[in-house]
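The block underneath contains the structure these notes are about, expressed in structure tokens.
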Amino acid sequence: DAKTTQPPSMDCAEGRAANLPCNHSTISGNEYVYWYRQIHSQGPQYIIHGLKNNETNEMASLIITEDRKSSTLILPHATLRDTAVYYCIVREISSGSARQLTFGSGTQLTVLP
Amino acid sequence: DSGVTQTPKHLITATGQRVTLRCSPRSGDLSVYWYQQSLDQGLQFLIQYYNGEERAKGNILERFSAQQFPDLHSELNLSSLELGDSALYFCASSVVDRQTYGYTFGSGTRLTVV
């Protein structure tokens, strides 16, 4: 799986958009970009994933650059409950048993009141 | 409730002892993954089972073992426990499907070795 690089920490004001960047310059054509988050000591929570098109769901939006070497997770209106470590993970979806997710260090997002 | 159930939520035991952590995957999920997260550390993949068979191994110590039963629940056995084994242990499950997007995690078991 391709390596990802994320800033170790970011702050965001409550109610503003939080934009979390991720660099994955060695991503290959059949690898997806996944975002998970982990609120303190809880189990990681799936947020969103994408291949090359921008994606949006009820939690967030995922913007992937045209060359797919980087992406941005956008939380449109951050709340205090969005304070968490956010993980950007690149992996291939293959047939058969799904392979494990490999977590990096992630970005600690702190939403400030 | 994520649909993945882990028991117990908390466990305190002494060094040298053996414990068993249990995980019930989300209904319909065939794969179970175990992760360890030590204090202020990242999530380390330990082992994966798929439909009862071991499928992948990560940084799992020889003192640790796991299995997945016919009803698909899984158990992680930790023996000869050391202080350094104190950690959160998470179980996750997934659907085996090309379009799969979700790995669902349980709320974890906090193990404290004293």
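The values are calculated or read from the model by the stated rules, or taken from the named source; none is laboratory data. In this text, all values refer to a predicted model and were calculated from it rather than measured experimentally. Positions of Cβ are backbone-derived with ideal geometry, glycine not excepted, and every protein chain shown enters the neighbour counts.
Restricting the range B:1-41 to residues that are among the hydroxyl-bearing types (Ser, Thr, Tyr), part of a loop (DSSP other than H, G, I, E, B) and within 16 Å of the chain's Cα centre (by Cα), which is modelled with the lowest pLDDT?
Narrowing the range B:1-41 to residues among the hydroxyl-bearing types (Ser, Thr, Tyr): B:2, B:5, B:7, B:13, B:15, B:20, B:24, B:27, B:31, B:33, B:35, B:38.
Applying the additional criterion that residues be part of a loop (DSSP other than H, G, I, E, B) yields B:2, B:15, B:27, B:38.
With the extra rule that they be within 16 Å of the chain's Cα centre (by Cα), the set shrinks to B:2, B:38.
Values: B:SER2: 79, B:SER38: 92.
In this case the residue turns out to be B:SER2.
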Quickly run through the range A:59-113 and pick out the residues that are farther than 20 Å from A:ARG16 by Cβ, aromatic (Phe, Trp, Tyr) and away from chain B (no Cβ under 12 Å).
-> none
Might you let me know whether the range B:38-58 holds any residue that is closer than 16 Å to B:THR104 by Cβ and of a type in the set (Val, Ile, Thr)?
-> no
All-but-one check, A:ILE64 against (1) under 29 Å from B:TYR89 (Cα atoms); (2) touching a Ser or Thr at 6+ places or on another chain (Cβ under 6 Å), failing number (1)
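In the range A:50-86, how many are small (Gly, Ala, Ser), under 30 Å from B:GLN6 (Cβ atoms) and part of a strand (DSSP E or B)? Can you show your working first?
In the first step, residues of the range A:50-86 are kept if they are small (Gly, Ala, Ser); the result is A:50, A:60-61, A:70-71, A:78, A:84.
Within this subset, residues satisfying the condition of being under 30 Å from B:GLN6 (Cβ atoms) are A:50, A:60, A:78, A:84.
Applying the additional criterion that residues be part of a strand (DSSP E or B) yields A:50, A:84.
Residues in the range A:50-86 being small (Gly, Ala, Ser), under 30 Å from B:GLN6 (Cβ atoms) and part of a strand (DSSP E or B): 2 in total.
What number of residues within the range A:75-86 satisfy the criterion of being touching a Ser or Thr at 6+ places or on another chain (Cβ under 8 Å) and surrounded by 17 or more Cβ atoms within 10 Å (Cβ to Cβ)?
The initial filter retains those residues of the range A:75-86 that are touching a Ser or Thr at 6+ places or on another chain (Cβ under 8 Å), namely A:76, A:83, A:85-86.
Imposing the further condition that a residue be surrounded by 17 or more Cβ atoms within 10 Å (Cβ to Cβ) reduces the set to A:83, A:85-86.
Here the count works out to 3.
Does B:GLU75 meet the test of being within 12 Å of chain A (Cβ to nearest Cβ), in a strand (DSSP E or B) and on the phi < 0 side of the Ramachandran plot? Full working, then the answer.
Values: within 12 Å of chain A (Cβ to nearest Cβ): no; in a strand (DSSP E or B): yes; on the phi < 0 side of the Ramachandran plot: yes.
Spelling it out, it is not the case that B:GLU75 is within 12 Å of chain A (Cβ to nearest Cβ), in a strand (DSSP E or B) and on the phi < 0 side of the Ramachandran plot.
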Going by the structure shown, is B:LEU43 within 20 Å of A:PHE103 (Cα to Cα) and away from every other protein chain (no Cβ under 14 Å)?
-> no
Count, please, the residues in the range A:1-49 that happen to be in contact with a Gly (Cβ under 9 Å, 6 or more places away or on another chain) and not in a strand (DSSP E or B).
-> 7
Among (1) touching a residue at least 60 places away in the same chain (Cβ under 8 Å); (2) facing chain A (nearest Cβ under 8 Å); (3) in a loop (DSSP other than H, G, I, E, B), where does B:THR104 come up short?
-> (3)
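Here is a yes/no grid of residues against (1) surrounded by fewer than 20 Cβ atoms within 10 Å (Cβ to Cβ); (2) within 11 Å of chain A (Cβ to nearest Cβ):
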site	(1), (2)
B:LEU11	yes, no
B:TYR49	no, yes
B:GLU53	yes, yes
B:LYS57	yes, yes
B:ILE60	yes, no
B:SER65	yes, no
B:PRO70	yes, no
